[in-house]
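Here's the structure we're looking at; comments come further down.
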Amino acid sequence: MCGISAYIGFREAYPIVINGLKRLEYRGYDSTGIMIFDGEEMQLSKTKGKVSDLELITDNDEVRKKGNIGMGHTRWATHGVPNDVNSHPHFSQSGDLVIVHNGIIENYDTIKKELINRGYIFKSDTDTEVLVSLIEEVKKRENCKLGQAVQLALNTVIGAYAITVFDRTKPDEIVVARLGSPIAIGVGEDNKEFFIASDASPFIEYTKNAIYLEDEEMAIIKIGKKVKVHKIHDDSKVDPIIQKLQMNLEQIEKGGYDHFMLKEIHEQPKAITDTFRGRLLADKNMIKMSSIDDNLDRFLNANRIIIIACGTSWHAGLVAEYLIEDMARIPVEVEYASEFRYRNPIITDKDIVIAISQSGETADTLAAIKLAKSKGAFVYGVCNVVGSSIARETHSGAYTHAGPEIGVASTKAFTTQITVLTLIALKLGKANNSLTDDAFNNYLHKMQLIPKQVQELLKIDEHVKSIAAVYKDATNCLYLGRGFNFPVALEGALKLKEISYIHAEGYPAAEMKHGPIALIDENMPTFVIATKKGHYEKVVSNIQEIKARSGKIIAIVTKGDTQVREIADHVIEIPETEEALTPLLTTIPFQLLSYHIAVMLGKNVDQPRNLAKSVTVE
Ligand code: F6R
């Protein structure tokens, strides 16, 4: 939700900031801006639209003058419509201070009124312009340095933020602060240069040394000096930990694919293999996960497991409900984090909460974790982004190891989340004897085949593309599945909605007759998962009901199926596996289908309108 990219050092700042913004564009892309300090003046360029639009207007602009300090922003609007004026960076009233901000200042209106009473005039509708003028007001009033002014101002604001502030009258330093939104500081050799960004991707080719600020911390970054970090609220000093980044440039580039989403769909065999690595030991009939072993008693004696997540991660949580209850016979509830956090849930220290998040930064999930912890629950995280807020806030957890996911529509994050959750379900099932040794060992051997089966399945791309061509102009679609594949139907519908803007609904197949069947006619395609085993015969009946009403059926079936083939308009085959493992396969055709439909409709696949990859606001 908004991306920040800034630089202070000896290199030309413009290309570093612009390239950084491009890499962060998945976080927000409705408007953007850049400020380059040319040694005297702050050159500002802002525009509605994408970073490529910003490049167009800055191409022959003053902003490209040599300047070694700069900051930029790519926005996902909260206060004020996306337009040039509301884009960041924002100047203070005097024009001496400049800020970029990710987050929301909730009491901005009160502060704004006070500042207006003192003669401040605001150009934009943003809370951010209010914040930078508040910092200026405090600086004047207290006659203090920028860092102190930032600190005093932040102590009067309510909300969430990651900010980067610069004062042109003191041009050797940048101040950054964080509460609720991530910020990383890349530290150059001998502290000669620093990079500031919402994640480490903008500076990966310059330095592998990064400091991740924790919540309620701020840093004073001065050329040639060690970064000074202290708490925002009580002034106590913090020893910053410099982490070595594992990420490499290749992982955050498209690698020959037209879109990140397509690349990430195709990366799934490797991503799932990486999730297995060191954990799935099929030849030893073992699953090794120290985070579960270390807390095994807790898991086995839990009253229940509550899974909290949002969006696609919530769908992975629903799959986990089916898996854990089936394999380990432990009661599971799955909740939207955004509901859980506000509905005064009953949680005790005998409950285990599993929080699932690709980004590890989702504000609702983070708040729900804090609530669960405050009530004594043990919280286990399933995250992709290493070192993310959720990974740090949870008591224990497992990374999915999917690698960076940049396409806004989640793909490999989903399948790797299901992979980790399947391993957990199997491990718990084995530990409490809900699964026989034979069943457990059989699952491990079938699991091991999954990456190859996904690889095989990806070869259906052209076939799926031809189906996409038939249904690309549909205005409504239905997605049906049962049991383990009901959440996959929800996820399939979400993928289509997100990137093609076609309305789609996911339903448990048998629920269709309780309402959605009224929608069925020859213009309404139904995508249905009808794999063998599971509830095959029941789903076949549902397909018949749809066909009887002239509905179009696109069915995902098990290889060799003949019964559905006879009645469906199109079939897509998946390889044979255990029913509980099919979500790892049935998901793939739905991902490809949404992708091709969105491409055919000319939509921006990687950056769909109104969405952002990491939702760090409520
Ligand atoms: C959908 C999608 C979103 C996210 C949701 C949670 O493709 O990406 O629905 O799943 O915003 O995000 P994380 O998993 O980062 O907490």
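Within region 473-487, is there a residue that is aromatic (F, W, Y), more than 25 Å from E267 (Cα to Cα), away from the ligand (no atom under 14 Å from the Cβ) and open to solvent by less than 30 Å² (accessible area, probe 1.4 Å)? So that I can check it myself, show each step before the final result.
Of region 473-487, the ones aromatic (F, W, Y) are 479, 484, 486.
Retained after the next criterion (residues that are more than 25 Å from E267 (Cα to Cα)): none.
Checked against the condition, which is being aromatic (F, W, Y), more than 25 Å from E267 (Cα to Cα), away from the ligand (no atom under 14 Å from the Cβ) and open to solvent by less than 30 Å² (accessible area, probe 1.4 Å), region 473-487 yields no hits at all.
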Residue list for region 134-161, filter: in contact (Cβ under 8 Å) with a residue 40 or more places away in the chain and closer than 23 Å to S198 by Cα: I135, L146, G147, V150, Q151, L154, N155, V157, I158, G159, A160, Y161
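Just to be sure, is V420 of a type outside the set (K, R), open to solvent by 10 Å² or more (accessible area, probe 1.4 Å), within 16 Å of the ligand (Cβ to nearest atom) and outside the structural domain of G180 (by TED's automatic domain parsing)?
No, not satisfied.
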Cβ-Cβ under 8 Å pairs, at least 6 apart or on other chains, region 199-219 side in the same structural domain as T164 (by TED's automatic domain parsing), far side open to solvent by 30 Å² or more (accessible area, probe 1.4 Å) and in a helix (DSSP H, G or I): S201/R23; P202/N19; P202/R23; I204/L249; E205/L249; T207/E189; E214/R392
Qualifying residue in region 357-370 (condition: away from the ligand (no atom under 13 Å from the Cβ) and surrounded by fewer than 23 Cβ atoms within 10 Å (Cβ to Cβ)): yes
Residue among T365, T419 that alone is in contact with a helix residue (DSSP H, G or I) (Cβ under 9 Å, 6 or more places away or on another chain) and closer than 19 Å to Q251 by Cβ: T419
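May I ask you to say which residue of S133, S124 is in the same structural domain as K244 (by TED's automatic domain parsing), part of a loop (DSSP other than H, G, I, E, B) and open to solvent by less than 10 Å² (accessible area, probe 1.4 Å)?
One residue alone meets the criteria, S124.
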Residue list for region 198-223, filter: over 16 Å from Y161 (Cβ atoms), small (G, A, S) and at pLDDT 95 or above: A210
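Name every residue in region 394-406 that is open to solvent by 40 Å² or more (accessible area, probe 1.4 Å) and either more than 22 Å from R277 (Cα to Cα) or without any contact (Cβ under 8 Å) to a residue 40 or more places away in the chain (or both), in order of residue number.
Restricting attention to region 394-406, the residues satisfying the condition of being open to solvent by 40 Å² or more (accessible area, probe 1.4 Å) are 395, 399, 401.
Within region 394-406, H395, Y399 meet the criteria.
Residue-wise test of (1) crowded, with 24+ Cβ neighbours inside 10 Å; (2) away from the ligand (no atom under 16 Å from the Cβ).
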site	(1), (2)
A316	yes, no
E325	no, yes
V334	no, no
P345	no, yes
Cβ pairs under 6 Å, 6+ apart, first in region 494-518 and open to solvent by 40 Å² or more (accessible area, probe 1.4 Å), second within 14 Å of the ligand (Cβ to nearest atom): K497/A504; E505/A493
Condition check for S290: free of Cβ contacts under 8 Å to residues at least 24 places away in the same chain and within 18 Å of L423 (Cα to Cα): yes
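Would you mind listing the strands (runs of 3 or more DSSP E) fully within region 18-85 where at least 3 residues are open to solvent by less than 10 Å² (accessible area, probe 1.4 Å) and closer than 22 Å to T616 by Cβ? Give the steps one after another, and end with the answer.
Details: elements: 31-37, 42-48, 69-75.
Of the strands (runs of 3 or more DSSP E) lying wholly inside region 18-85, those with at least 3 residues that are open to solvent by less than 10 Å² (accessible area, probe 1.4 Å) and closer than 22 Å to T616 by Cβ span 31-37, 69-75.
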Residues located in region 236-252, provided they are exposed (fewer than 10 other Cβ atoms within 10 Å of the Cβ) and under 19 Å from the mean Cα position of the chain (by Cα): none
Whichever residue in region 371-393 is within 13 Å of the ligand (Cβ to nearest atom) and open to solvent by less than 20 Å² (accessible area, probe 1.4 Å) and, among such residues, is farthest from the chain's Cα centre (by Cα): G381
Pick from region 246-280, criterion of a type outside the set (D, E, K, R), out of contact with any strand residue (DSSP E or B) (no Cβ under 7 Å at 6 or more places or on another chain) and not in a helix (DSSP H, G or I), ranking: nearest to K452 (Cα to Cα): G278
Test: residue in region 541-551 that is outside any loop (DSSP other than H, G, I, E, B), open to solvent by 10 Å² or more (accessible area, probe 1.4 Å) and free of Cβ contacts under 8 Å to residues at least 12 places away in the same chain: yes
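The values are calculated or read from the model by the stated rules, or taken from the named source; none is laboratory data. Quick caveat: nothing in here was measured; it's all calculated off a predicted structure. Quick reminder, even Gly has a Cβ in these numbers, built from the backbone with ideal geometry, and neighbours come from all protein chains shown. SASA here: full protein model, heavy atoms, side chains in, ligands and nucleic acids out. Shrake-Rupley method; radii C 1.70, N 1.55, O 1.52, S 1.80 Å.
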